[in-house]
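Working notes for the structure below.
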Amino acid sequence: MRSSRPARTARSTGRDTRPLQGLTVFAAALLVLGASVLVGVPGEAAALGAERFVSSAPVSPGQPVSAVAAVAVSRPGPAAGPSSTGSSAARAALPPAPEQARAPYLAAVAAFTAQRRAETLSIGRATAGLDSAGLVLADSAGRVLDETSRTALADGIRALEAVVARAGTTVDQANQLVDSHRSSGSYFAASAEFVQATDRLRDSSGDALDLLTDDVTAAAQTVTDAVAAWQAEQDRLAAEEAARQAAAEAARLAAEAAAAAANAAGPRSANGGSSGGTSGSAGTIPAPASATFDKYVWTNGFQSEIDSCNGAVDVTGNYGVAVIAEHWSCGGSWFPGSGSVITLSGVRSGTYRVGGVAAVLNANTQGTQDVPRGYDLLYQTCINGSNSTMSFTVLTRVG
């Protein structure tokens with residue numbers, strides 16, 4: 001009887017202690033997790049601490065671990081993994097601290113700001129160049145000896161305008177990219193967007209924009225030089241015309257002086273020299289008549305009739321002013337100078353005295369409203385065949 005009591009006691013004790021040990025493990029795991037929440041330890045580390053505590057709890061051979069304790073050591077979330085990874089894996093799974101992300105974020109923002117400023121400056125420089133070149137192109141119309149330089153400038157302006165438009169679109173898109181992904185204050189998450197926006201600006205047409213701006217500026221200077229050359233040619237032609245008229249005036253004055261001298265001499269007689277004496281006849285030297293020039297006005301019309309080169313053309317119907325016209329190579333180059341008397345025949349006839357040049361007009365920039373008025377008749381010709389130097393000579397009717 002005495003020997004059987006301890007055996008029952010031992011079996012009874014074994015059955016009573018197993019639930020108590022499971023409850024102890026479960027309570028300890030809850031304490032670890034609760035403490036970790038209070039002190040702000042990340043869930044991964046808390047789970048690992050609970051796992052280490054449970055694994056260190058004494059378990060009798062063959063005794064199962066409590067199901068509740070097994071739940072405590074399982075780690076939810078994307079960082080979950082086998083317990084063998086340890087605390088280093090838990091630390092690696094955590095997001096970077098703000099101090100670690102701040103430097104890359106600020107560097108990305110600074111790079112984007114600098115690139116955007118450079119692109120904006122290039123756009124501003126190009127826009128100013130376009131404004132200046134446009135004025136040069138407009139002011140040079142009809143004021144160059146040929147259109148080659150103006151055509152090149154116009155092409156350059158169109159190309160630069162297209163590149164400026166694309167560059168502006170790129171800057172707008174880059175701004176929208178960073179504005180829509182700015183950091184909410186959590187670990188500066190927008191660094192990648194700033195880097196992407198900076199790359200987009202670098203890959204844009206910034207270099208092409210600067211090169212095209214330089215090309216357009218150079219083309220505008222070429223047109224400016226061409227205008228200066230045109231003006232020099234106009235000055236030369238005007239001086240040449242003035243010299244021609246001065247020579248004609250000098251010839252007229254010389255003829256008038258000679259006529260006046262002849263008239264002053266009056267009649268003279270010639271006497272014989274023989275002893276028988278014979279009388280000679282007396283004669284009068286007439287004064288020379290003023291030199292005249294004949295000009296045939298063959299028809300009324302305008303450009304096609306002038307191009308026929310058959311003589312002067314009455315273009316009064318086109319100008320609204322009494323004008324006859326002729327190409328420089330068809331008779332204009334040898335039209336008489338100021339003071340000469342000219343006789344017209346054909347569809348317009350009469351005798352006229354040639355006066356000075358009333359105006360030299362540019363057909364590219366001026367119109368019929370600029371043709372001089374208030375004269376009996378005008379003679380028009382293009383000096384050296386250029387329609388930018390249309391000369392209008394005054395003709396005053398004398399007969």
From Ala226, Ala255, residue being over 21 Å from Pro372 (Cα atoms), at pLDDT 90 or above and buried (at least 16 other Cβ atoms within 10 Å of the Cβ)
Ala226
Across the stretch 351-397, which residue is surrounded by the fewest Cβ atoms within 10 Å (Cβ to Cβ) among those that are touching a Lys or Arg at 6+ places or on another chain (Cβ under 8 Å) and under 14 Å from Ala238 (Cβ atoms)?
Asn362
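I need a count of the residues in the stretch 295-334 that are charged (D, E, K, R) and closer than 20 Å to Tyr375 by Cα. Spell out how you get there, then give the answer.
Restricting attention to the stretch 295-334, the residues satisfying the condition of being charged (D, E, K, R) are 295, 305, 307, 314, 326.
Then keep just the ones that are closer than 20 Å to Tyr375 by Cα; that gives 295, 314, 326.
Looking only at that region, the number is 3.
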Can you pull out every residue in the stretch 305-342 that is over 13 Å from Tyr379 (Cβ atoms) and surrounded by fewer than 17 Cβ atoms within 10 Å (Cβ to Cβ)?
Asp307, Ser308, Cys309, Asn310, Gly317, Asn318, Gly320, Ser329
Got at least one residue in the stretch 362-380 being of a type in the set (D, E, K, R), at pLDDT 90 or above and touching a Ser or Thr at 6+ places or on another chain (Cβ under 7 Å)?
yes
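Pick out, from the stretch 77-190, the helices (runs of 4 or more DSSP H) lying fully within it that include 2 or more residues that are modelled with pLDDT of 85 or more and of a type in the set (Asp, Glu).
Numbers: elements: 86-93, 98-139, 148-179.
The qualifying helices (runs of 4 or more DSSP H) are 98-139, 148-179.
Rundown of residues vs (1) more than 30 Å from Thr198 (Cα to Cα); (2) in the same structural domain as Phe194 (by TED's automatic domain parsing); (3) crowded, with 17+ Cβ neighbours inside 10 Å; (4) of a type outside the set (A, V, I, L, M), yes/no style:
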residue	(1), (2), (3), (4)
Ala118	no, yes, no, no
Gly124	no, yes, no, yes
Thr127	no, yes, no, yes
Val136	yes, yes, yes, no
Glu147	yes, yes, no, yes
Thr151	yes, yes, no, yes
Arg158	no, yes, no, yes
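The values are calculated or read from the model by the stated rules, or taken from the named source; none is laboratory data. Owing to the predicted nature of the structure, the values given are computational and were not obtained by experimental measurement. Note that each Cβ is placed from the backbone with ideal geometry, even for glycine, and that neighbours are counted across all protein chains shown.
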